[in-house]
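Read through the structure below, which is laid out as structure tokens, and then see the notes.
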Amino acid sequence: YYDENDERSIVEERVYFVDFEEKSGYENMNVISVTSDPKNLFSDETGIYVLGDSYQKFLEEGNLEETGWQFWSANYRNGGRFWEREAHINVFNTEKENVLSQNVGIRIQGGASRALNPKSLNIYARTEYGDNRLRYDFWGTGYYPQRMTLSCGGNDDKGKLLDRLGSELTKDCDFCTMNYEPYILFLNGEYWGFYYLTEKYDEHYIEHYYKVDSDNVVIIKNGKLEVGTEEDHDAYEQMRTFVETADMTDAVNYQIACSMLDMESFIDYYAAEIYMARNADWPSANFALWRSGKTSQKPYEDGKWRWMLFDVNTSALHSDLEEHDTLAYVIEECSLFANLSENENFRNAFANKLREMRDNYFTLEKVEAKLGAYELLMRDPMENHFQRFFGRDNERFLHESRQVWAFACLRGEHIEDMLERNGFD
């Protein structure tokens, strides 16, 4: 309010949920409330959630028919700090206790999925908003992030299963995976569906999980520098050039490659992605790797590149892909993997790891247990989600789960043939 001198009072914000204990779909669910000035979200000029002025300009330029609808210029496709908006979050645990109340920044997250509704949101803690960390242990790991994502599933928006399943089944592998925690989102007081709150890969993530100082972390995403210096990016390019072009049948060259890459991480990562039949926009995109810029005697400060799993929500783990020769596809698409495959030791190690994916990581027992737990938790919340955004389609979520199960049942039968066809037998 404003007093008689037109001085504005301190803004306070409260969130109340009335009679929700009587509604289905909220049991055992975390809840997050995000509030922001409506202009930050829905105005044509400054709203990050709408087509807006960016789309109008795109129309006037006459480019509509030349671009797929997912990539039409729009406000929601804009990124960077200029398109970050201040907001306030209130986080409630499964007991509906308000465990965090904090001012943050928000942006739209994703690639092609930005064009879908509802959209994923990145959440940022900054000193200018009051605190540079989100002071709550969201995933039970003791990690207080600086940034995180409210994911609506990306291109897996009808099932919201793939990213979480891929990460949880491969958590013991030698590459980075994200933690996922289910949430119901309320946006400016309105029910906004089922989401997963997940980590973002940054220097603070590496510092927490790998004990490498944040100022010593280098991250490359899709070939571009995310964290580090231009010299670090040059080192990445030099590594790629050597590994892609050197004669890997030469044992000395292969050992040099092993001194640049954590080869176990590389093999684990590619074996997992290939077993999951990941294709289309991977491995040419949606890849990331990290290393320490300076070396020391600490376990992960050896300067070797290590891989990071994310975005398994497109063209993966689906019954249509159970016979997909993803190994041949990756050899064709990724010169790094293709050249390493000229080395017999690499081929043997990779073949054994791919078999291990079948025999240990993606067993029917493990997949069944995960999908069963997801269905038990998500069925009612996803019914509410479908009702809100797509009209009533109660069976679509279970249909998506069955497609994953069908893939799991049959994928293992094709692994030996795939290895033999590509010279890895």
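When shorter helices are ignored and each DSSP H run of at least 4 residues is given -39500 (n - 2.57), the per-residue value for the chain at 222 nm works out to -10500 deg cm²/dmol. Put the Cα centre of the stretch 332-381 next to the Cα centre of the stretch 1-28 and the gap is 46 Å. The string of couplings for the stretch 107-124 from the Karplus curve (6.51, -1.76, 1.60, θ = phi - 60°) is 9, 6, 10, x, x, 4, 5, 4, 7, 8, 10, x, 10, 7, 10, 8, 10, 10 Hz, one whole number per residue in order, with x for Gly and Pro. From largest to smallest, the equivalent ellipsoid semi-axes obtained for the chain from the alpha-carbon gyration tensor read 39, 26, 22 Å. The spread of Cα positions in the stretch 274-350, taken along each principal axis and listed from longest to shortest, comes to 46, 30, 17 Å.
Using only the Cα atoms, what convex hull volume per residue in Å³ does the stretch 1-110 have? Could you put the intermediate results ahead of the total?
Numbers: hull volume 19.0 nm³, N = 110.
So the per-residue hull volume is 173 Å³.
Around residue 342, what is the net charge, scoring Lys/Arg as +1 and Asp/Glu as -1 over all other residues with Cβ under 14 Å from its Cβ?
Numbers: positive: 347; negative: 244, 247, 250, 344.
It works out to a net charge of -3.
When you have a sec, figure out the Kirkwood radius of the stretch 143-274 from all distinct Cα pair distances and drop it here in Å to one decimal?
Values: mean 1/r = 0.0575 Å⁻¹.
After inverting the mean inverse Cα-Cα distance, the result is 17.4 Å.
For the stretch 337-393, the alpha-carbon coordinates run over 54, 26, 12 Å along the three principal axes, in decreasing order. Treating each Cα of the stretch 81-158 as one equal point scatterer and applying the Debye formula with no solvent, the log10 of I(q)/I(0) at q = 0.12, 0.16, 0.19 Å⁻¹ comes out as -0.38, -0.66, -0.89. Please list, or write none, the aspartates and glutamates whose alpha carbon is within less than 14 Å of the alpha carbon of residue 298, excluding same-chain residues fewer than 8 places away. Output for residue 298: 207, 213. Against the longest alpha carbon principal axis of the chain, how many degrees, from 0 to 90 and to the nearest 10, is the axis of helix 396-411 turned? Approximately 10 degrees, to the nearest ten.
Using per-residue counts of other Cβ atoms within 10 Å, averaged over each peptide, order 291-303, 82-94 from highest down.
Values: 291-303: 15.2, 82-94: 17.4.
My ranking of the peptides, most packed first, is 82-94, 291-303.
Here the chain has 44 percent of its accessible surface on carbon and sulfur atoms, given a 1.4 Å probe and all protein chains in place. If you take the Cα Rg of the stretch 197-279 and divide it by 2.2 N^0.38 Å, with N the number of residues, what do you get? This ratio for the stretch 197-279 stands at 1.26. Calculated on the alpha-carbon coordinates, the convex hull of the stretch 170-213 measures out at 90 cubic angstrom per residue. Just how far, in whole angstrom, is the stretch 94-114 from the stretch 187-204 if you go by their alpha carbon centroids? So the separation of the two Cα centres works out to 4 Å. Accessible surface computed residue by residue for the stretch 316-425, with neighbouring protein chains in place and a 1.4 Å probe, gives 48 Å² per residue.
In the structure displayed, which of 57/160; 119/370; 96/200; 119/353; 119/211; 160/294 lie more than 30 Å apart, Cα to Cα? Don't skip to the answer; put the middle values down first.
Working: 57/160 33 Å; 119/370 25 Å; 96/200 25 Å; 119/353 36 Å; 119/211 33 Å; 160/294 38 Å.
Beyond 30 Å: 57/160; 119/353; 119/211; 160/294.
Here the stretch 361-413 yields Rg over Rh of 1.07, to two decimals, using C-alpha coordinates and the Kirkwood radius.
Averaging over all projection directions, the Cα-based convex hull of the stretch 104-211 occupies 7.5 nm² in the image plane.
Evaluating 6.51 cos²θ - 1.76 cosθ + 1.60 at θ = phi - 60° for every residue in the stretch 221-236, the Karplus couplings come out as 10, 6, x, 10, 6, 9, 9, x, 10, 4, 4, 5, 5, 4, 5, 4 Hz, glycine and proline recorded as x. If you line up the long axis of helix 364-389 against the longest principal axis of the chain, both from Cα atoms, how many degrees apart are they, to the nearest 10? Approximately 30 degrees, to the nearest 10. Based on alpha carbons, the Rg and Dmax found for the stretch 320-418 are 18.1, 54 Å. Compute the angle between helix 344-356 and the longest alpha-carbon principal axis of the chain, please, reported from 0 to 90 degrees and rounded to the nearest 10. Roughly 50 degrees between the two axes.
The values are calculated or read from the model by the stated rules, or taken from the named source; none is laboratory data. Owing to the predicted nature of the structure, the values given are computational and were not obtained by experimental measurement. A quick note on method: Cβ atoms are made from the backbone with ideal geometry, for glycine too, and the neighbour counts reach across all protein chains shown. Ligands, DNA and RNA are stripped out before the accessible areas are found, and what is left, the full protein with its side chains, is counted by its heavy atoms. Shrake-Rupley method; radii C 1.70, N 1.55, O 1.52, S 1.80 Å.
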